[in-house]
1. Among L116, G96, L244, which residue has its Cα positioned farthest towards the positive end of the charge dipole of the stretch 84-306, with +1 placed on the Cβ of Lys and Arg, -1 on the Cβ of Asp and Glu, and the dipole taken about the Cα centre?
2. Can you put S139, S263 in order of Cβ neighbours within 10 angstrom, beginning with the fewest?
3. Work out how much length I155 to R52 would gain on full extension: take 0.36 nm times their residue separation and subtract the Cα-Cα distance, in nm to one decimal.
4. Using amide H atoms built in the peptide plane, which far-off residues or other-chain residues are under 5 Å from V94 H to H?
5. With a point put 7 Å past each Cα toward its Cβ, work out how far F68 is from E164 in nm, to one decimal.
6. With unit charges on the beta carbons (Lys and Arg positive, Asp and Glu negative) and the dipole taken about the Cα centre of the stretch 84-306, which residue among S264, L138, G297 sits farthest to the positive side?
7. For the stretch 84-306, what class follows from the C-alpha gyration tensor (a ≥ b ≥ c being the square roots of its eigenvalues): rounded when a/c is under 1.5, otherwise prolate if a/b is larger than b/c, else oblate?
8. What is the spin-label model distance, in nm, from F107 to A204 if the labels are put 7 Å beyond Cα along the C-beta direction?
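Any read-out appearing in this document is the output of simple, stated calculations on the displayed coordinates, not a laboratory observation. Model, not experiment: these values are computed from the prediction. Methodologically, a virtual Cβ is constructed for each residue, glycine included, from the backbone with ideal geometry; neighbour enumeration extends over all protein chains shown.
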Amino acid sequence: MTTTQMPPVSTETTTVLAREAAQRSTPTRRERRRIVAADNPMRLVITRGPDRAVIYGLLIVMGVLFAFPLYAMIAKSFQGAGIDNYLTLFTQPVGGVPILMTYVNSFVIGVFHALLVVVVSTTAGYALSKVRFRGRELSFVGILLFLAVPGTALIVPVFHITGELGLFNTHLGVALPEAALTIPFGVMLMRNYGRNLDDSLMEAAMLDGAGHFRAFWHVFLPLARPVIVNLIVLCFIWSLQDFLWPSMLFTDPSLTSAAQAVSSFSNVLGRSPADFGRYNASLVLLAVPAVLFVLFGLRFIVNGLTSGSTKD
């Protein structure tokens, strides 16, 4: 029986065959775009040259439009006395309200606001995501319904309850309605984050003898740290911007918040051209805490809204 020997394959032939095999295994440009589109459809739009130019152009235009009022406010804040417009705001109270005290009042309200929201939202988020009980999904839907309730619809009951509790002219009296309106959002945030955490982590803690409290304290809270920081930053920002509840529940000028001070300073400084520069300077100073919170918390806000473990 004779065996047929294959002719030897040259090096050039081997190179050509290897190149063809590599080309077949490497996806084409169109195939790569199809894979990217299936993974994230927005990436398909952003990676196109003309679309990218349009998107960046729109972002630049919007940035200029939003930055122009800030530039005009800063430029007008130096009219008249120049830098003294800022210095006199720290040395001379405006309408009996020291500007530093408005920072303190808003900060104290923000502390109570964040504390209430974090305590309720984390415990409710853990229960709605990791504890199985009858009516869990219905309870979550009921909480979400309160997201549609505007603050103005609660003016009468909040005024009555605050009077019954004797919380007029107190920081806690303002923080309570703020927290009541923020808690549904906080519960939704924590519950959605908790559902993305791997259940095996909780099961391992339970097998080691941990109850729900220990699992919540030692497993859930450490893993939820990014979203908790996100929630705290948002609470402080919303407290700085809140005008409704301080205006309704504060009658003592010494308790004026930063958002109230904008209106108070307008009544005092907005009447004469000489004080127009001081008024714009006060707006700049009152906006500084909110800007700092946004700059400091932007990374935590993005991480808190997007982070979470995925179930394999």
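1. It is L116, whose Cα lies furthest towards the positive end.
2. Numbers: S139 15, S263 12.
In order of increasing Cβ crowding within 10 Å: S263, S139.
3. Numbers: separation 103, 0.36 × 103 = 37.08 nm, distance 4.66 nm.
Length gained between I155 and R52: 32.4 nm.
4. Amide H neighbours of V94, under 5 Å, 5+ apart: I99.
5. Here the modelled spin labels are 5.1 nm apart.
6. L138
7. Details: a/c = 2.98, a/b = 2.03, b/c = 1.47.
Note, shape of the stretch 84-306 comes out prolate.
8. 4.0
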